[in-house]
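Chemist: Below is one structure. I have some questions about it.
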Amino acid sequence: MTDSKQTTARLTDTTQGPFQDLLVVDISGTVATSYAGKLLVDYGARVVNVEPDDGFVTRGLEPRLKNGHSALHGYLNANKQSVTAGGVAANHPAVAEADLVLLDPQTLPASVSLKDFDSNLCAISWFGLSGPYSDFQGSDGVIHALTGLMCGIGDPEGPPLIPKGYQAQMIGGLSAFNGALGYLLGQQEEKIARGSSPFFCLDASIYEANMCLTDIGPISAYNNIPLPSRMGINRFPPTYPMGIWPCMDGWLGVTCLRPSQWKAFCKLLELDDLADVPLFESSVARLEASDVLEPLILEALSTRSAQDLFYQGQAMRIPLARVPTMDELFHVDQYVERQAFSDFSYGDEIFKAPSVPFRLAKTPPAFGGRVAVLGADDDQWITPANSGSLRSRRQTTQASATPAESAQTERLPLEGLKIIDLSMGWAGPLAARNLADLGATVIKVESCTRFDWWRSWEATAEWIADDGAEKAIPFLYANRNKLNVTLDLETPRGRDLLLRLVADADALVENYSGGVLPKLKLEYQHLVEANPQLVMVSMPAFGCTGPWSGFRAYGSTVEQSSGLPHLQGSDAQPPTMQHVAFGDAIGGLNGTAALLTALYYKKRTGQGQFVDLSQVECLLPHAAPGILHQSVYGESPKRTGNRHPEHVPDGVYPCVGDDRWIMIQVRNDEAWKHLCEQTPDLQSLQQLSAGERLEQRDRIETSLSQWTQGQDATSLMHQLQQAGVVAAVLNNGADLLDDPQLIARDYLQWMERDYVGRQPHPSPPWRPGKAPLQLRTPAPTLGQHNQSVLGGMLGVSETELESLAEAGIIGDKPRLS
């Protein structure tokens, strides 16, 4: 930890930030509400924490600085004001003045309901405001279990591994930020058009927000696509080789998806004989032969340097990653150059934590900052009289409404905005899809030879003849509510048509590897010549600057490069990944946040700007507990698998059936007594203290496992939840089709789509009323809207369209290049 006399936290001036006109109040102080507020304050909002007399629960979270303060609370709440409620937080004058109130309904006293608020509300809860799970006790582990993420992590025989930290709440807070900002944008537009706008109350479900990582599971199950079983640490179908393997000087992350990447990887390791085997051109075939291939790969890696292989492999266009430890993260040249970590000050202590992962060029975020002690700003809110003038002003601009009863109107908040989507895969398309769900017109641009690789990364003539491009489940999931045109951007005519589309667009998003758009002369400096007010979000894996800016990566590479795997699993296991493409979904959610932040500023000022997003830096907040532990204590936290260092029991236990498991977490004496009352073999141990439970961990967990083996996982979850014990069944993809909470909230919506028929689609994870936002159209077919967009929007004649098709510049079928 750095001596506070030698350095001070640097705070960027955000007085001209996108959100400088917003007053946001957090009255709950969960990790989720705090993270949503952090994104707002880092871009200029005035965020006020209205805390109980003993402070928000985050003030008690580890790790702790030498002065006793929580570093995690400091990271989440730097630059915010802190006031004590002096009673019921909902009655504090800051709430009456707020443009947005963040809260968790489960933290409200019984005397207060959402109907009592006369403000815009974003209610962030574990399961949403309705459904059979709405009163369940939640935790980050519960969410990972129910979404199906946890069932895929760990050894084949089990138990599955519980992801560490507060990742589910981080995702929930980020997702809620996106929903709330979308509705604030729509509110601005409605005020301009009508002179007033009703308050909104967004129901933001952390469970549904985290489904973005596993939504493809139930969709695949519906389509009778075999669901992969848990294959082991860092083994995720259909990709192979993919994993984190030891070298002489550390760990190397490997992902080889395309045949060309596999052949280059073999050449790098001097395994040329394997490269020439026709069978191994298929990723799935390589996975099936992993027992043969992996020993050869491990032997070749054992005598090589991870650092050298990383740079050599990237030079050969192989998505390799150096997997840094918590200590190494602070010294990685890419992260140092981009200031991926900032200094935060809390009292007389300084610590390092992740910076904002997306950077607006004209209005940069705060880098680090100062943390307010409890009640530091009480004197600014001494009397309710403060609220009078502002509240009167607001009532002239907003129609009176009861936010808890706000209903979905016909107009979606982002209607009228036009977004050009040049992205491929998962991250960029998800970022744009979220804006499409909110009503924006999103035009996806592909070409017939360089189509979105989520249609296929192993295209063949047979695949084209069978219309395989229109049957890819991942593509359907990520591209609903969009229009689609094909343009060959490598031709002058195709490039010119794109520039004409850009000319009246509000924003453009792309996630090409560095160097692609400059070759096409389509980087920001050229696009703003066509549209000076354009917002452009570029979201390559490592960002647009730094020595790694041109390196290639997949979502797995992003997770490997973030250091997050060093916090998962146990010391007996290699650094442990959580997902086949964890970085993609998280990058996509941050891409949405970046787009909306820049569009909010544009709505207020008329000015567009360039936004630089690093997908790897998007994952650093997920590693925050480990990063903070390293900064505060000078060492990484111990990897303990499913064994919590302070609580027993806290693990995953077998139930009746093949690969059926339940997660049980006891965090206090009351929950322990409730569990003992339900478990015959534990009833005699009810009086054990927390320390005594740690001493008898093996006995407790053995007794608990023996009991759960005779129980049905789903029934046991309900039994324990009703008894006041945190518990969750570990769902798989097929289970999610029948999940009672998702069914009750109409989470899956159904639409007909050419080539594949009726398909389920996940709803957006925030809703302004009881019903989810209604989806409008399924994913488009390749070039489906060439006529309506190029002909209708741009006025291209039928003759010219025919000429473009003959030249191969537009089309509706893939072609092998």
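The values are calculated or read from the model by the stated rules, or taken from the named source; none is laboratory data. Keep in mind the model is a prediction, meaning the values are calculated, not measured. Glycine gets a Cβ as well: all are built from the backbone with ideal geometry, and neighbour counts include every protein chain shown. Surface areas here come from the heavy atoms of the whole protein model, side chains and all, with no ligands, DNA or RNA. Shrake-Rupley method; radii C 1.70, N 1.55, O 1.52, S 1.80 Å.
Chemist: Suppose a student asked you for the relative contact order of the chain, using Cα pairs under 8 Å spaced at least 6 residues apart; what percent would you report?
Modeler: Details: 1805 pairs, mean separation 148.3, N = 817.
Computed over the chain, the figure is 18 percent.
Chemist: Next question, about the same structure. Could I have the simple spin-label model distance between Gln339 and Ser111, label points 7 Å from Cα toward Cβ, reported in nm to one decimal?
Modeler: Here the answer is 4.7 nm between the modelled labels.
Chemist: What's the magnitude of the charge dipole for region 521-650 around its Cα centre, counting Lys and Arg as +1 and Asp and Glu as -1 at the beta-carbon? Answer in Debye, nearest 20.
Modeler: Using only the charged Cβ atoms, the result is roughly 300 debye.
Chemist: Could you order peptides 481-490, 57-66 by the average number of other Cβ atoms within 10 Å of their residues, highest first?
Modeler: Taking the mean over residues of other Cβ atoms within 10 Å, the ranking is 481-490, 57-66.
Chemist: Now for a different question. Can you give me the distance in nm between label points at Asp53 and Ala193, each placed 7 Å from the Cα along the Cα-to-Cβ direction?
Modeler: Computed distance between label sites Asp53 and Ala193 equals 4.9 nm.
Chemist: Let me cross-check Arg411: its accessible surface, 1.4 Å probe, with only protein heavy atoms counted, in Å² to the nearest 10?
Modeler: Arg411 has an accessible surface of roughly 100 Å² with all protein chains in place.
Chemist: Can you return the aspartates and glutamates within cross-link range of Lys267? Criterion is Cα-Cα under 12 Å, with same-chain partners fewer than 8 residues away left out.
Modeler: Correct list for Lys267: Asp276.
Chemist: Pull up the DSSP beta bridges for region 1-160 and report the antiparallel fraction as a percent, rounded to 5.
Modeler: Working: 1 of 15 bridges.
Among the beta bridges of region 1-160, antiparallel pairing accounts for roughly 5 percent.
Chemist: Also, I was wondering about something else. Below 27 Å, Cα to Cα, which lysines can Lys813 reach? Residues fewer than 8 away in the same chain don't count.
Modeler: Result set, ordered by chain and number: Lys418, Lys444, Lys471, Lys482, Lys519, Lys521.
Chemist: Next question. Suppose every Lys and Arg Cβ carries +1 and every Asp and Glu Cβ carries -1, with no other charges. What dipole size does the chain come out with about its Cα centre, to the nearest 20 debye? Can you show the working numbers first?
Modeler: On the way: 64 positive and 94 negative charges, 330 e Å.
The calculated dipole for the chain is roughly 1580 debye.
Chemist: Out of all DSSP beta bridges with both ends in the chain, state the antiparallel percent to the nearest 5. List each step's numbers first, then the result.
Modeler: Details: 37 of 77 bridges.
So the antiparallel bridges amount to about 50 percent of the total.
Chemist: Express the C-alpha Rg of region 223-315 as a ratio against the empirical globular expectation 2.2 N^0.38 Å, rounded to two decimals. It would help to have the intermediate numbers written out before the result.
Modeler: Working: Rg = 13.4 Å, N = 93, 2.2 N^0.38 = 12.3 Å.
Relative to the 2.2 N^0.38 Å estimate, region 223-315 comes out at 1.08.
Chemist: Still on this structure, please answer the following. Between Arg776 and Ser282, what FRET efficiency comes out of the Förster formula 1/(1 + (r/R0)^6) with R0 = 35 Å and r the beta carbon distance, rounded to 0.05?
Modeler: Details: r = 37 Å, r/R0 = 1.05.
Calculated transfer efficiency: 0.45.
Chemist: Separate question: For the chain, what does the helix formula give at 222 nm: sum of -39500 (n - 2.57) over DSSP H segments with n ≥ 4, over the residue count, nearest 500 deg cm²/dmol? Before the final figure, lay out the partial values.
Modeler: Values: 32 runs with 282 residues, N = 817.
The per-residue figure over the chain is -9500 deg cm²/dmol.
Chemist: Related question: To the nearest 10 Å², what's Lys673's accessible area with a 1.4 Å probe?
Modeler: My reading of the accessible area for Lys673 is about 80 Å².
Chemist: Along the charge dipole of region 478-533, which of Leu483, His526, Ala505 sits closest to the positive end, that is, farthest toward it, with unit charges on the beta carbon of Lys, Arg, Asp and Glu (+1, +1, -1, -1)?
Modeler: Looking along the dipole axis, the top candidate is Leu483.
Chemist: Dipole magnitude of region 599-654 about its Cα centre, charges +1 at Lys/Arg Cβ and -1 at Asp/Glu Cβ only, in debye to the nearest 20?
Modeler: Details: 6 positive and 5 negative charges, 60 e Å.
In total the dipole reaches around 280 debye.
Chemist: State the label only: which of (i) 26.1, 85; (ii) 27.5, 91; (iii) 30.6, 99 corresponds to Rg and Dmax of the Cα atoms in Å computed from the shown model?
Modeler: So the calculated entry is the one marked (i).
Chemist: Okay, next question. Once the Cβ-Cβ distance between Tyr755 and Glu157 is put in as r, and R0 is 41 Å, what FRET efficiency do you end up with, to the nearest 0.05? Before the final figure, lay out each step's value.
Modeler: Numbers: r = 39 Å, r/R0 = 0.96.
For R0 = 41 Å, the calculated efficiency reads 0.55.
Chemist: Which value, in Å², gives the accessible area per residue of region 668-744 when a 1.4 Å probe is used on the protein heavy atoms?
Modeler: Numbers: 3540 Å² over 77 residues.
I get 46 Å² per residue for region 668-744.
Chemist: From the residues Gly87, Asn67, Leu102, which one has its Cα farthest along the dipole of region 44-128 in the positive direction, the dipole being from +1 and -1 charges on Cβ of Lys/Arg and Asp/Glu about the Cα centre?
Modeler: Asn67
Chemist: Turning to a different aspect of this structure: Determine the gain in length on full extension of the stretch Gln683-Glu294; use 0.36 nm per residue of separation and subtract their C-alpha separation, reporting nm with one decimal. Present the calculation step by step, with values, prior to reporting the outcome.
Modeler: Numbers: separation 389, 0.36 × 389 = 140.04 nm, distance 4.77 nm.
Difference between extended and current length: 135.3 nm.
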